[in-house]
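The values are calculated or read from the model by the stated rules, or taken from the named source; none is laboratory data. As the structure is a prediction and not an experimental result, all values here were calculated from the model. No Cβ is skipped: glycine too gets one built from the backbone with ideal geometry, and neighbour counts run over all protein chains shown. Note: areas computed on protein heavy atoms with side chains; ligands, DNA, RNA excluded. Shrake-Rupley method; radii C 1.70, N 1.55, O 1.52, S 1.80 Å.
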Amino acid sequence: MPTVLILGASVAGLPIAHALLKNNTSTSSRHKTKVILVNPSRDFFWMIAAPRILTKPAAFRAEQYLIPIEPGFARYPREEFEFVHGAATGVDFKAKTVSVALSAPSSEADSTAARTIEYGYDYLVLATGSTTPSSIATTTESRGHAVLYPFKPPPPSTSASPHSLGDLIATAQSSISKAKRIVIGGAGPIGLETAGELADLPHKPSITLISAAERVLPGITEGASRSAATQLAQKGVYVITGRKVVSYSPEEGVVTLDNGEKIETEVYIPTTGVLPNNSYLPEGVLDEKGWVNVDEELRVLGTESVYAAGDITAYPTRLAQRAGEQAGIVAHNLVVEINGAAGGKRKRFAPGKAMMVVPLGSAGGTGELWFGWVPFVWLVRLVKGRDFFISKAKSLVFS
C-alpha cells in the first residue's frame, strides 16, 4: 500500500486527502493508498472569514471557523489514514523521509523536549501554505505589548506557536474592540475587507488605511479600485496612497511612514502580502522569494514523486479558489501515478485570470469578475459579504 504524506491540512491539503481516501473505494482503483496528514493544529481555520472574525466577535461562533480535523476523517479505516499533530522540520527527498516535530499534549505543554519522528513516504504533497505579517511578532516588538492579528495561523516556528489560535483570535478581538484609532498597512483585499468591517463597528474607531501604490486594490481593474475608494470614503475611512509603513512601535503607539510622517494609533494591523511556510524545505526547491517551484502538473521541480498545491507554490495568485483547483489536479495526478497506465490522463494547471469579490463591510463591496467586470454591490454581498462562505468550512473538513 503506497503512502502519501501530506504536509498541511489546508484548503489544498484537506481535499487532496479526502480525494485519495475516497479513491480507495473506487472500483477503478488498482491500489489502495495510505494517507498521513500532518498539521501543526488539530483545528482547521476558515481564514477567508478572518477580517470579520477578528473585528466582529459576535458575527460567528468559534466552532464555525475552528473545525476539528480528526473527526472529519473518522469514517476511514485506521490502516488507510493517520493524522499527525505536528510540523515538518526537514525533508530528505533522496531518502523519501520527512522529519516531524510532534506537538506536545496540553499536559506536557511546558516540556522543552520536542519529540521528532521521521515519516517515510512514496509520494509527498507540500500544502503548508503561507502566513501573514500580522500573524508573526517581529524582532522589534515586545511580546508583552505586540498583539497578533492572525488572518492566517502563525507558522509553528514562531514565538506565537505555544498559544492556541483561539487565544490569539480572542486577544485580537479584544484589542480591536477597545481601540479608538486603528491603522491598517496594505490596501489589498485583506486590508480593504478589514477596513470595511471596522467601519461598521458601533464604537466608530478612526481608521487609516495606508497604500504603497497610488490606488487601493492595485492588483485588479481601476474601476474596482475607484468603487472601493468611494465606498471607503463614505464609511469614514481615511486612505493614504503612495506611502509605505517603515516601522511600528507598540510601546509608543506610533506608525512611521517612509516620508517620516508619524501616525498615532492604538492598533496597527499589517496586511501587506503573505509569507511562505517553507522553513522545513531546502533552498533547492524554492524560487528567489521562497515559494516552491512546480511544473504544470504541480510536481516539485528537481524531485521525484513530490507535489505542491496552494499558497506554497510559486504561482502568484494566492486565493482559496486557486488552491482548490490545484488540489483537484494534484489528487487526480497522484491517482494516475499510483494506478499506472490504467490511471488515465494527467491534468495540468492553467493559472488564468482569477475572479475576486471584496466585501467592504456587511453591505458594501467591489471586485473583478469576467472580462474585468466590476460586480454590483448587492452581488458582492450576496456572494461573499453575508457570511464570507463560513458554511463551507465544515464541509471542507468533512468532505
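Go through the residues of region 202-219 one by one and say whether even a single one is on the phi < 0 side of the Ramachandran plot, at pLDDT below 95, out of contact with any Gly (no Cβ under 9 Å at 6 or more places or on another chain) and open to solvent by 50 Å² or more (accessible area, probe 1.4 Å). Yes, region 202-219 contains at least one residue that is on the phi < 0 side of the Ramachandran plot, at pLDDT below 95, out of contact with any Gly (no Cβ under 9 Å at 6 or more places or on another chain) and open to solvent by 50 Å² or more (accessible area, probe 1.4 Å). Please go through region 1-28 and pick out each residue that is free of Cβ contacts under 8 Å to residues at least 24 places away in the same chain and β-branched (Val, Ile, Thr). Selection gives 25, 27. For residue 253, indicate whether it is more than 26 Å from the chain's Cα centre (by Cα), farther than 25 Å from residue 357 by Cβ, surrounded by fewer than 15 Cβ atoms within 10 Å (Cβ to Cβ) and in the same structural domain as residue 192 (by the TED database). For residue 253, the condition - more than 26 Å from the chain's Cα centre (by Cα), farther than 25 Å from residue 357 by Cβ, surrounded by fewer than 15 Cβ atoms within 10 Å (Cβ to Cβ) and in the same structural domain as residue 192 (by the TED database) - is not met. So is residue 242 among the small types (Gly, Ala, Ser), over 19 Å from the mean Cα position of the chain (by Cα), modelled with pLDDT of 95 or more and open to solvent by less than 70 Å² (accessible area, probe 1.4 Å) or not? So residue 242 fits the description; yes. Kindly indicate whether residue 51 is touching an Asp or Glu at 6+ places or on another chain (Cβ under 9 Å) and open to solvent by less than 50 Å² (accessible area, probe 1.4 Å). Judged against the criteria, residue 51 is a match. Considering only residues in region 292-311 that are out of contact with any Phe, Trp or Tyr (no Cβ under 8 Å at 6 or more places or on another chain) and not in a loop (DSSP other than H, G, I, E, B), the one that is nearest to residue 130 (Cα to Cα) turns out to be 311.
In region 284-306, what count of residues is obtained for those that are surrounded by fewer than 16 Cβ atoms within 10 Å (Cβ to Cβ) and closer than 15 Å to residue 322 by Cα? Selection size over region 284-306: 1.
Here region 312-322 is the region considered, the condition is being part of a helix (DSSP H, G or I) and modelled with pLDDT under 95, and the residue that is least open to solvent (accessible area, probe 1.4 Å) is 322. Put simply, of 329, 269 the only residue that is part of a strand (DSSP E or B) and not polar (S, T, N, Q) is 269. Restricting to region 361-399, and then to whatever is out of contact with any helix residue (DSSP H, G or I) (no Cβ under 8 Å at 6 or more places or on another chain) and among the hydroxyl-bearing types (Ser, Thr, Tyr), can you tell me which residue is most open to solvent (accessible area, probe 1.4 Å)? Checked region 361-399; the qualifying residue most open to solvent (accessible area, probe 1.4 Å) is 391. Determine, yes or no, whether residue 88 is outside any loop (DSSP other than H, G, I, E, B), over 30 Å from residue 338 (Cβ atoms) and either at pLDDT below 90 or open to solvent by less than 50 Å² (accessible area, probe 1.4 Å) (or both). In short, no.
Suppose the filter is touching a helix residue (DSSP H, G or I) at 6+ places or on another chain (Cβ under 9 Å), crowded, with 19+ Cβ neighbours inside 10 Å and not assigned by the TED database to the domain that holds residue 87; does residue 267 pass it? In short, yes.
Scanning region 246-266 for residues that are outside any loop (DSSP other than H, G, I, E, B) and touching a Ser or Thr at 6+ places or on another chain (Cβ under 7 Å) gives 246, 247, 255, 256, 262, 263. Among residues of region 61-89 that are touching a residue at least 12 places away in the same chain (Cβ under 8 Å) and farther than 22 Å from residue 165 by Cβ, those with a Cβ under 7 angstrom from a residue that is of a type in the set (A, V, I, L, M, F, W, C) and surrounded by 15 or more Cβ atoms within 10 Å (Cβ to Cβ), sequence gap 6+ or separate chain, pair up as 76/21; 80/21; 80/35; 81/21; 81/35; 81/73; 82/36. Every condition in (1) modelled with pLDDT under 95; (2) more than 21 Å from the chain's Cα centre (by Cα) is met by residue 103 except one, and the failing one is (2). Quick one: is residue 32 open to solvent by 10 Å² or more (accessible area, probe 1.4 Å), closer than 24 Å to residue 393 by Cβ and either of a type in the set (A, V, I, L, M, F, W, C) or touching an Asp or Glu at 6+ places or on another chain (Cβ under 7 Å) (or both)? Judged against the criteria, residue 32 is not a match.
A quick yes/no check of all residues on (1) touching a strand residue (DSSP E or B) at 6+ places or on another chain (Cβ under 7 Å); (2) touching a residue at least 12 places away in the same chain (Cβ under 8 Å); (3) of a type in the set (Gly, Ala, Ser):
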site: 349; (1), (2), (3): no, yes, no
site: 358; (1), (2), (3): yes, yes, no
site: 374; (1), (2), (3): yes, yes, no
site: 383; (1), (2), (3): yes, yes, no
site: 391; (1), (2), (3): no, no, yes
